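One structure is given here, and the rest of the page talks about it.
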Amino acid sequence: MPETKTPIERVSIVVSKGSLEGVYPALIMANGARMEGIEATLFFTFFGLDAIIDKRLDHLKVATVGNPAMHMPTLVGALPGMSAFATSMMKKEMEKLDIPPVREFLTMVHDAGCEIFACKASVDMFHLKRGDFCPEVDEVISVGQFYEKSAGAEIIFT
Amino acid sequence: METLTTSSQPLALDNDGHLARRADWNEDVARAIAAQEGIPELTPPHWTVIRYMQKVFDQEGDAPSIRRLTKQSGVDTKTLYQLFPKGPAKKAAKIAGLPKPKGCI
């Protein structure tokens, strides 16, 4: 008998990093899931919260230090303006591929039916309020609630 | 090879279950595929999406991204997901008689 693989029906994606290259893979995977008819949830925690903080989400940067795959010596990566330069390069390439800026992407995945949550422990730690977040954020939830909402889902940590 | 049986004759499908030959497509075929995909009726906004996807495919060889689709066809993201539940890009392409879209966005 041929092996039958069960298709993925739900994914819960945890976003823990606030760099541009930390946030985009999660958004692309969440959107890709919805495009395939897979239910998707995004859970932003720790520095990942920057991606849903209204004042900050348009200004996420590529990290140019501590990333060997940038192929840039650490001291060069630390030069003033280097992160801004790398960020603008990446944004240009993204636009060519029709990948939207973070704010538009959040609206797009949310309109596509992806739920967006902020982690309560991180929100408390950074002294944030509900009003600090972009309107796409559905709720601030605890880790327990996250697991409840992730019932039957594959959890992806980024 | 799998086939799709409509009122006329069986039509060849590719490995993804999409129409193998674009020339086989017509509006009745679209309705038959839609019914199979759980969309009982194709309304004017469905046709707007289908025609737009065909136009882009004929010009560029691949279906448009969801972002472009919603920006240029005038059908917004929420509506698109309501029109083609469970995977709009893939379903719309299938109903439009096009191969499975290659893009990630």
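Taking Lys and Arg as +1 and Asp and Glu as -1, the other residues whose beta-carbon sits under 10 Å from that of B:LEU42 total -1. Using the average count of surrounding beta-carbon atoms within 10 Å as a protection proxy, the listed peptides B:72-80, B:16-24, A:108-116 rank, highest first, as A:108-116, B:72-80, B:16-24.
Note on chain A: with charges restricted to the Cβ of Lys and Arg (+1) and Asp and Glu (-1), its dipole about the Cα centre is near 500 debye. Surface composition of the protein assembly as shown: carbon and sulfur atoms hold 57% of the protein heavy-atom accessible area at a 1.4 Å probe.
Taking a sphere under 12 Å around the Cβ of B:ASP14 and counting the other residues whose Cβ falls inside, with K and R at +1 and D and E at -1, yields a net charge of +1. Look at the dipole of chain B built from charges on Cβ: of B:PRO99, B:ILE33, B:VAL75, the Cα furthest out on the positive end belongs to B:VAL75. Computed over protein heavy atoms with a 1.4 angstrom probe, the accessible surface ordering of B:LYS102, B:LYS90, A:LYS120, largest first, is B:LYS102, A:LYS120, B:LYS90. Taking every alpha-carbon pair within chain A, the share separated by more than 29 Å comes to 23 percent.
Dipole of the protein assembly as shown (Lys/Arg Cβ +1, Asp/Glu Cβ -1, origin at the Cα centre): which of A:GLY66, A:SER88, B:THR5 lies farthest to the positive side? Of the listed residues, the answer is A:SER88. Placing +1 on the Cβ of every Lys and Arg and -1 on the Cβ of every Asp and Glu, with nothing else charged, gives segment A:1-57 a dipole about its Cα centre of roughly 160 debye. Computed with every protein chain present, the accessible area of B:TYR81 is close to 20 Å² [probe 1.4 Å]. Segment A:57-96 and segment B:33-56 have their alpha-carbon centroids 42 Å apart.
With all protein chains kept in place, the per residue accessible area of the protein assembly as shown amounts to 53 square angstrom at a probe of 1.4 angstrom.
Placing unit charges on the Cβ atoms only, positive for Lys and Arg and negative for Asp and Glu, gives chain B a dipole magnitude near 420 debye about its Cα centre. For segment A:1-44, the convex hull drawn through the C-alpha positions has a volume of 79 cubic angstrom per residue. The B-A contact accounts for approximately 1400 Å² of buried accessible area, totalled over both chains at a 1.4 Å probe radius.
Amide hydrogen proximity for B:LEU11: with H placed 1.01 Å from N in the peptide plane, the residues at 5 or more positions away or on another chain lying under 5 Å are B:LEU4, B:THR5, B:THR6.
Find the Rg to Rh ratio for chain B, where Rh is the Kirkwood radius over alpha-carbon pairs and Rg uses the same atoms. That ratio is 0.94, to two decimals. Listed by chain and number, the lysines placed with their C-alpha closer than 22 angstrom to that of A:LYS120 are A:LYS17, A:LYS55, A:LYS129, A:LYS149; residues fewer than eight positions away on the same chain are left out. The DSSP beta bridges internal to segment A:3-158 are antiparallel in roughly 5% of cases.
Axis angle, to the nearest 10 degrees, between helix A:102-111 and the longest C-alpha principal axis of chain A: 10 degrees. Remark on segment A:22-44: accessible area falls by at least 20 square angstrom from chain-alone to full-complex state for A:ILE28, A:ASN31, A:ARG34, A:MET35, A:GLU36, A:GLY37, probe 1.4 angstrom.
The values are calculated or read from the model by the stated rules, or taken from the named source; none is laboratory data. Remember, predicted model here, so these are calculated numbers, not experimental data. Cβ atoms come from the backbone with ideal geometry, glycine included; neighbour counts cover every protein chain shown. Note: accessible area is taken over every heavy atom of the protein model, side chains too, but ligands, DNA and RNA are not part of it. Shrake-Rupley method; radii C 1.70, N 1.55, O 1.52, S 1.80 Å.
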